[in-house]
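The values are calculated or read from the model by the stated rules, or taken from the named source; none is laboratory data. These figures come from a predicted structure and were not determined experimentally. Don't worry about glycine lacking a Cβ; one is built from the backbone with ideal geometry, like all the others, and counts go over all protein chains shown. We work out accessible area using only protein heavy atoms, side chains counted, and drop any ligands, DNA or RNA first. Shrake-Rupley method; radii C 1.70, N 1.55, O 1.52, S 1.80 Å.
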Amino acid sequence: MDARVSAKIQSVFEEPACEHNQNKDEKARKKGCTKQLSPGAAAGGCAFDGAKIALQPIADVAHLVHGPIACEGNSWDNRNSSTSGPQLYRTGFTTDIGELDVIYGGEKRLFKSIREIIEKYDPPAVFVYQTCVTALIGDDIEAVCKRAAEKFGKPVVPVNAPGFVGPKNLGNKLGAEALLDYVIGTEEPEVTTPYDINIIGEYNLAGELWQIRPLLDALGIRILSCISGDGRYHEVAQSHRAKAAMMVCSKSMINVARKMEDRYGIPFFEGSFYGIEDMSDTLRQLARLLVQRGAPADLLDRTEALIAVEEKRAWERIAAYRPRLEGKKVLLITGGVKSWSVVAALQEAGLEVVGTSVKKSTKEDKEKIKEIMGEDAHMIDDMTPREMFKMLRDARADIMLSGGRSQFVALKAKMPWLDINQERHYAYAGYEGMVDLVREISKTLFNPVWEQVRAPAPWETPALEEAC
Amino acid sequence: MAIVHDSKKACAVNPLKMSQPLGACYAFLGLASTMPMMHGSQGCTSFGLVLLVRHFKEAIPMQTTAMNEVSTILGGMDNIEQAVLNIKKRANPALIAIASTGLTETKGDDVDGYLRLIRAKHAETLDGTEIVYVSTPDYVGAFQDGWAAAIKALVAAFVTPAETRVTGRIGVLPGAHLTPADLEEVRELIEAFGLDAVLVPDVSGSLDGHIPEDFTPTTLGGATLDDIRGLGACEHVIAIGEQMRGAVERLEAIGVPCTLFDRLTGLTATDALVALLMRLSGKPAPARLKRQRGQLQDAMLDGHFHLGGKRVAIGAEPDLLFALSSLIAEMGGEVAAAVTTTHSPLLVRVPTEEVLVGDLEDLEMRAVGCDLLITHAHGRQAATRLGIPLFRAGIPQFDRIGTAHQLSVGYRGTRDLIFQLANIFLAHMHAHGPEDWPLPAEAVAAAQGQSAAGCGCASSSCSSVSDEVVIPIIPA
Ligand code: SF4
């Protein structure tokens, strides 16, 4: 393996800020958090996919994929990260290497590609993604990027996370490493304020950042850089001047948060935008860190005042659904989201959560779930599609909330289903997001279509069958 | 005769093309009780799966040998063995269908050799499950090439020469560009003559959006292994799309009579199929078909007002490009720009001046001044920038539902396609305004009594030409 990539992977695995890691012994830690995949029974994206998910939301950058058509051609413009301005990140750039490149090496084509992009699109930076085939034939993207950066006088950033080094979450971190190595701290902001923060690991899916931003704006808190949702290259480059940082709970970019603390003294906390208490907690933590770093103390009071108003408004709106939703049973299968915080909101709406996934939850999370759902909380570690199908068809749940992978399990069982995954088109963050989520659940549950599709066909009606 | 060029750019911008292994797996999805699998790293399968899920809005069974860097260098024997055993245990399919990827092809894995060893080693465990392999490196060809290679591999693996032909059994080898609805239409056309249709593969059986009684981990519906084997005994085999030529040649080599149609979109194209079916069945065309043909003629008459003279830019795989371009040309439209994904002998016959093997950036540049863009959903950004409507054709169409039921073959399919295209033009009809027909400076000058030659510059900003015409006002 390319020595640089393996060194990076090792350093990512040894992440001291990761709770999972602290409980492992030296040997287990070295092995890393990547489970060995089982051939013929594996699912999920590759490291390249993860790196692209992490970095592509930087909207004004040209993202160039070095490899055969599979990596970009089968996947471009398929992520739902929103932008408030530049569209360049949605343009698919790939070297689309052919047989001759495989034989003679693809570095020349890569260099020319960077030139073409700079000449035609003049972006503030080009990010170059390594993939399996080009890694295997030994194309040195670091060297090509360095040469191109010198020649064209523009940042050209190598993102060395070829698919075969591991799964998506490893790729998230390797992508983030590229920011640490080549981008963050390379420019100075024009002005700074005591209220400058970074949000790390938020991708602005379905525009969720915009459910949060008004709250921060109202408090006078400035997002110096969101890494990477609705991001801009220069903002990321200047992000080292923030006073505090929030790391979004999925841990996908814990290395950025921790290293920025080490290098630039930016304290961070792990927070979530999902769920009402979580949102309030996040605001409190932000205010607390900023005040610690020298912001005027009245920020704390203003934050509490805002929380009081917004929480009341949200709970009232959610409680309004109670009469309709009371007693309906929900199966909640989430990926990275802390489920307990969402569970609380669903319960407030009168819904009964009959099961929730804890695949990626920590011990604390599980304790919390027990606290909220009671001792016999149905925690699901891993459910096969067949089990889900059965559970839904036997009507042990009225609706399933899950990621896209299990969508058809629910729909084919003729059961209501709501997308809470990356590709969803609805935003569920913050106070507004929770109200929207409950509204969507209600809309889905009470759609008359369920009655229609469950109605028996004429030939399934006994009386008619006899008559024929 | 179109001139065919390759894009000269180093960097593909906004790819039109998808990869070969995905095309191969799509073909395998048209087989019953099958588990398609890519031999490569997990990401390739994940991307392909997501793409097809979003296009069809269906669960897509597809597996990976989950190669990593170490196993790639050591060779994929162990991974394939584990994968095959795992799939057998969990899903017990009738067929495990493997497509290679760029990664394992670069290493040069001898998958056929591995499979022989695996078969021998686990003969008992694997009993009842066939395994087929096709070589489809990502860095060669495109989606439809992968589809074609997969079907060729299936024919090579399972079809044997037959001693007798089954009268009335018609095999159908559809190209990757036909939708499940297209396949249903072809089947109905054949059955309309009292013949039996056996489609290989048959995505209309597996990806037509039916609701099964129970959950299955493999494909549900589609061509069975017996259907494939039975191709050798068909009275006749109909192939649709130039991409199917390789499979056709194999069948012809073992004595199966075949006819290859380069398209089934359009009046004369459908006529050719109907004529063949009349000959094969010895039956006249049913009244229903005659009515449908009449409806198509009428649609063409109504539609030509709106398609005639329109400039259309098309980005599609060769067979789809040919079918759509031919129809546009037959309706009096002009194929002003044509971009495709891979080479095909068909490309020179596309009714346009130049066909470029390129990407959507190439298409966008060539589509300036066109009235309509036809390509897959990734054309949406280009269409917005160009300010012209987009008609979605091909895979992927992740931002639409019902894509499996898009019909464009046969009399009915062509009729509906014409309506759809014409209605787009009707919806975007340009209403004329007072500035639409300005006079040239020369005419204005002449009207103002200046010599047409003027100072010789013929420019409206020239001082020798007055801007305004002085209209004498006659008092009432
Ligand atoms: S696994 Fe490798 S070849 Fe496949 S998509 Fe990911 S980077 Fe590309």
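Which Rg and Dmax, in Å, describe the Cα atoms of region B:334-449?
Looking at region B:334-449, its Cα Rg and Dmax stand at 18.8, 65 Å.
From the cross-link list A:Lys52/A:Lys329; A:Lys8/A:Lys146; A:Lys146/A:Lys259, which pairs have alpha carbons spaced over 25 Å apart? Intermediate results must be reported in sequence, preceding the final value.
Details: A:Lys52/A:Lys329 37 Å; A:Lys8/A:Lys146 18 Å; A:Lys146/A:Lys259 23 Å.
Over 25 Å apart, Cα to Cα: A:Lys52/A:Lys329.
Please report the buried accessible area for the interface of B with A, total over both chains, probe 1.4 Å, in Å² to the nearest 100. Mind dumping the intermediate values first?
Working: alone 21640 and 21800 Å², together 38220 Å².
By this definition, chains B and A bury close to 5200 Å².
As a test of reading the structure, rank A:Leu300, B:Leu103 by solvent-accessible area (1.4 Å probe, protein chains only), most first. Spell out each step's value before the answer.
Working: A:Leu300 65, B:Leu103 5 Å².
Accessible-area ranking of A:Leu300, B:Leu103, largest first: A:Leu300, B:Leu103.
Please arrange A:Ile227, A:Ile103 by accessible surface area, largest first, computed with a 1.4 Å probe and ligands excluded. Display every interim value, and only then the final one.
Values: A:Ile227 0, A:Ile103 115 Å².
In descending accessible area the options line up as A:Ile103, A:Ile227.
Accessible area per residue, 1.4 Å probe, Å², for the protein assembly as shown: what's the number? If you can, show how the numbers build up before the last one.
Numbers: 38220 Å² over 944 residues.
Heavy-atom SASA per residue in the protein assembly as shown reads 40 Å².
What Kirkwood radius, in Å to one decimal, follows from the Cα pairs of region B:20-140? Write down the numbers at each step before the final one.
Numbers: mean 1/r = 0.0702 Å⁻¹.
Its Kirkwood hydrodynamic radius stands at 14.2 Å.
Using just the helices of chain B, give the 222 nm mean residue ellipticity in deg cm²/dmol: DSSP H runs with n ≥ 4 each add -39,500 (n - 2.57), and the total is spread over all residues, rounded to 500.
Helix contribution divided over all residues of chain B: -12500 deg cm²/dmol.
Could you give log10 I(q)/I(0) at q = 0.14, 0.25, 0.29 Å⁻¹ for region B:1-60, computed by the Debye formula over C-alpha point scatterers of equal weight, without solvent?
With one equal scatterer per Cα and no solvent, log10 I(q)/I(0) is -0.54, -1.10, -1.34.
So what's the angle, to the nearest 10 degrees on a 0 to 90 scale, between helix A:276-292 and the longest Cα principal axis of chain A?
The two axes meet at around 30 degrees.
Would you work out the charge dipole size for the protein assembly as shown about its Cα centre, treating the Cβ of every Lys and Arg as +1 and the Cβ of every Asp and Glu as -1, and quote it to the nearest 20 debye? Show your work: numbers first, answer last.
On the way: 96 positive and 120 negative charges, 204 e Å.
Rounded to the nearest 20 debye, it is 980 debye.
Report the Cα-based extents of region B:166-292 along its three principal axes, largest first, to the nearest Å.
So the extents along the principal axes, rounded to whole Å, are 43, 38, 26.
For chain A, what does -39500 (n - 2.57) per DSSP helix run (n ≥ 4), summed and divided by total residues, give at 222 nm, in deg cm²/dmol to the nearest 500? Can you show the working numbers first?
Working: 23 runs with 222 residues, N = 468.
One gets -13500 deg cm²/dmol as the mean residue ellipticity at 222 nm.
Quick one: putting +1 on the C-beta of Lys and Arg, -1 on the C-beta of Asp and Glu, what dipole do you get for chain A around its Cα centre, in Debye to the nearest 20? It would help to have the intermediate numbers written out before the result.
Working: 60 positive and 67 negative charges, 103 e Å.
Magnitude of the dipole: close to 500 debye.
Under a crude label model (7 Å from the Cα following the beta-carbon direction), how far is B:His432 from A:Asp181 in nanometres?
Modelled inter-label distance: 6.4 nm.
Could you tell me the convex hull volume per residue, in Å³, taken over the Cα atoms of region A:120-192?
On the way: hull volume 8.8 nm³, N = 73.
Per-residue hull volume (Cα only) is 121 Å³.
At a 1.4 Å probe, what is the % contribution of carbon and sulfur to the accessible area of the protein assembly as shown?
Numbers: 20290 of 38220 Å².
Carbon with sulfur: 53 percent of the solvent-accessible area.
In region B:124-154, which residues give up 20 Å² or more of accessible area once the other protein chains are added, compared with their chain alone (1.4 Å probe)?
Correct list: B:Asp138, B:Tyr139, B:Val140.
Which percent, to the nearest 5, of DSSP beta bridges fully inside the protein assembly as shown are antiparallel? Write down the numbers at each step before the final one.
Values: 4 of 88 bridges.
Approximately 5 percent, going by the DSSP bridge assignments.
Rg to Rh for chain B: what is it, with Cα atoms only and Rh by Kirkwood? Don't skip to the end; give the middle numbers.
On the way: Rg = 27.1 Å, Rh = 24.6 Å.
Rg divided by Rh gives 1.10.
Which of the residues in region A:68-92 show a loss of at least 40 Å² in accessible area from their chain by itself to the complete set of protein chains, at a probe of 1.4 Å?
Hits at the 40 Å² cut-off: A:Ile69, A:Ala70, A:Asn74, A:Trp76, A:Asp77, A:Asn78, A:Arg90.
What number in nm² do you get for region B:70-112 if you take the convex hull of its Cα atoms and divide its surface by four? Each step should come with its number before you reach the end.
Working: hull surface 12.8 nm².
For region B:70-112, averaging the hull's shadow over all directions gives 3.2 nm².
Taking the Cα centre of region B:20-140 as the origin, how large is its charge dipole in debye, to the nearest 20, when only Lys and Arg (+1) and Asp and Glu (-1) carry charge on their Cβ atoms?
On the way: 9 positive and 12 negative charges, 72 e Å.
That gives a dipole near 340 debye.
Give the value in nm², to one decimal: projected area of the alpha carbon convex hull of chain A, averaged over all directions. Display every interim value, and only then the final one.
Working: hull surface 107.6 nm².
It is 26.9 nm².
Expressed in nm², what is the orientationally averaged projection area of the convex hull enclosing the Cα positions of the protein assembly as shown? Numbers along the way, then the final one.
Numbers: hull surface 209.4 nm².
Computing the convex hull of the Cα atoms and averaging its projections yields 52.4 nm².
Any chance you could run the full-extension gain for A:Lys370 through A:Glu261? It's 0.36 nm times the residue separation minus the Cα-Cα distance, nm to one decimal. The partial results should precede the final answer.
Values: separation 109, 0.36 × 109 = 39.24 nm, distance 3.33 nm.
Going from the current span to full extension adds 35.9 nm.
So which residues of region B:68-112 lose at least 50 Å² of accessible area, probe 1.4 Å, when you go from the chain by itself to every protein chain present?
B:Glu69, B:Leu103, B:Thr106
For chain A, take the longest principal axis of its alpha carbons; what is the angle in degrees between that and the long axis of helix A:430-445, to the nearest 10 within 0 to 90?
50
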